[in-house]
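The values are calculated or read from the model by the stated rules, or taken from the named source; none is laboratory data. Just so we're clear, the structure is a prediction, and the values are computed from it rather than from any experiment. Using ideal geometry, Cβ is built from the backbone for each residue, glycine included, and neighbour counts are taken over all protein chains shown. Quick note on the areas: whole protein, heavy atoms, side chains included, nothing else; ligands and nucleic acids left out. Shrake-Rupley method; radii C 1.70, N 1.55, O 1.52, S 1.80 Å.
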Amino acid sequence: MGRLSRLLAGSLLAAGAALALTADATLGFDGFGELDADSTYAEEIRLEVELNGPAPERLELLVRTPGDDSASVFPVEPSTDSATYVWDTAANHVVPNTLITYQWRAIDGDSVTLSEEGTIRYKDDRPGLDWQSAQLGEATVHWYGGAETQAMRFGELTAQGVARAEDLLGTELAGPVDIFVYDSREEFFGALSPGVREWTGAAAYSELRTIFMWLGGGSPSYLEVAMLHEVTHIVFHDATDNPFHEPARWLNEGIATWSETSEGADERAIVQVEAGGGGLFAFEAITEQFPIGERGGRLSYAQGTTMVDLIVERYGEEAIAAIAAAYRQGASDAAALEAGTGIPADELYDDFYEAFGVEAPEPVAVEPIPPSNVDRPPAGEVDDGGVDPDVEPPAPRPPDDSAPSEDPPAEGFPTGLVLLFGVAAAIAVGAVVLVSRRAARRQPG
Ligand SMILES: [Zn+2]
């Protein structure tokens, strides 16, 4: 029995007031029918829902992707008995294997109806990619063409890498991992987010629990090392996951690189050379992002790896596990490092520079900005667009307005209106930025 029929049956047993309620119910939206979702890679994700009864006053789609703290809300214009939202993934890149969770919300006056939750995994279904897959323990490897042997090897390495990283970080992998093995450069880069460095040969998206490997990314031994590196990123993500902040990037990359060989000799040599040459970075400077240039990028990895090696050597592997545990509790970078080593982070940094015979880098002093020496032209006439001056509110002048003060107030553009447009534009831009920031956050580690 439907909700409407139940209401009708109920109202037959009741009197007056209940009948009025029934009359209201027959006028309003009467719930969601079937949910449907489909996607075509690099084109769109199409989400549809059946609507029972008349369309609600407002219909919204709530969308979440892994790592989101809350849903993004998209208003949707319903048709007679259904609604469709098309997510343009050609314009807003979504990394393949992203699990999208969605729910429809109808608002009719004070009444809010939520649909059941639906999910769709956004698959890389580009023509020619005849994906096959195999499960090896916690890893599922996906490949196409003739890459089965390499894919299976990556699966084995994942198991090894996970076990080693779990040991080091004193934690367990929080869920399964997917590995996608791409053959061509074009197909591999077509899967990653825009803005990925051209030298990328393998990438881990920790929140998606997904690793992308490119068979042409390097020699077989490079790919094996890269596999260990990337899977360590995923265990590190699980080991440090907290609602407050990302751990220092130099530590994340340092642990992943150190785990390739469980030592840091090669990386120490790089730091040694730079200590006597271009100089070293402050650790605070490589906490968020690494420099783009080759020297800066290379040195950032090397400093991170060498610092991890120093911590393991002086305080034992258990110090790394203690640092991860502190992050899980929401510790800052400095507090987490102190929790692991027992010494303040600044002292740890000093010890690092001392090992290379250099002083800790000092912040670069800011040069004062001299007063402007640019002659600004007077502000031009503002076209009021033929707006009737009588109905417009007076325009408060900005303080540096150079127009003569005798101007009738209505000659200026009404500030209230500008503010309104500004807010509307900000909301529109905000929505776009939210989407692109989400994509940007998925930079591989
Ligand atoms: Zn990395």
- Message: Are there strands (runs of 3 or more DSSP E) fully within region 171-234 with at least 1 residues that are within 13 Å of the ligand (Cβ to nearest atom)? List them.
- Response: 202-205, 210-214
- What is the residue count in region 136-149 for residues that are out of contact with any helix residue (DSSP H, G or I) (no Cβ under 8 Å at 6 or more places or on another chain) and without any contact (Cβ under 8 Å) to a residue 24 or more places away in the chain? 3
- Message: Considering only region 78-96, I want to know if a residue exists there that is touching a Lys or Arg at 6+ places or on another chain (Cβ under 6 Å), open to solvent by less than 20 Å² (accessible area, probe 1.4 Å) and among the hydrophobic types (A, V, I, L, M, F, W, C).
- Response: yes
- Name the single residue, out of those in region 188-218 being β-branched (Val, Ile, Thr) and crowded, with 23+ Cβ neighbours inside 10 Å, that is farthest from the chain's Cα centre (by Cα). Ile211
- Task: Please list, ordered by first then second residue, the pairs with beta carbon atoms under 6 Å, 6 or more apart or interchain, first in region 215-241 and of a type in the set (Phe, Trp, Tyr), second open to solvent by less than 10 Å² (accessible area, probe 1.4 Å).
- Result: Phe236/Ile255
- Query: Can Ser111 be described as out of contact with any Cys (no Cβ under 8 Å at 6 or more places or on another chain), surrounded by fewer than 15 Cβ atoms within 10 Å (Cβ to Cβ) and under 15 Å from Leu215 (Cα atoms)?
  - Reply: no
- Item | Filter result for Gln132 (under 23 Å from Gly190 (Cα atoms) and in contact with a strand residue (DSSP E or B) (Cβ under 7 Å, 6 or more places away or on another chain)) | yes
- Which condition breaks for Glu116 when tested against (1) within 22 Å of Arg185 (Cβ to Cβ); (2) in a loop (DSSP other than H, G, I, E, B)? (1)
- Message: Criterion first (in a loop (DSSP other than H, G, I, E, B), modelled with pLDDT of 95 or more and surrounded by fewer than 18 Cβ atoms within 10 Å (Cβ to Cβ)) does Asp130 satisfy it?
- Response: yes
- Out of region 295-308, which residues are under 21 Å from Thr171 (Cα atoms) and away from the ligand (no atom under 16 Å from the Cβ)? none
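Yes or no, residue by residue, for (1) within 16 Å of the ligand (Cβ to nearest atom); (2) modelled with pLDDT of 95 or more:
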position	(1), (2)
His237	yes, yes
Pro243	no, no
Trp250	yes, yes
Ile255	yes, yes
Ala265	no, no
Val271	no, yes
Phe281	no, yes
- Can Glu338 be described as part of a helix (DSSP H, G or I) and either open to solvent by 30 Å² or more (accessible area, probe 1.4 Å) or of a type outside the set (A, V, I, L, M) (or both)? yes
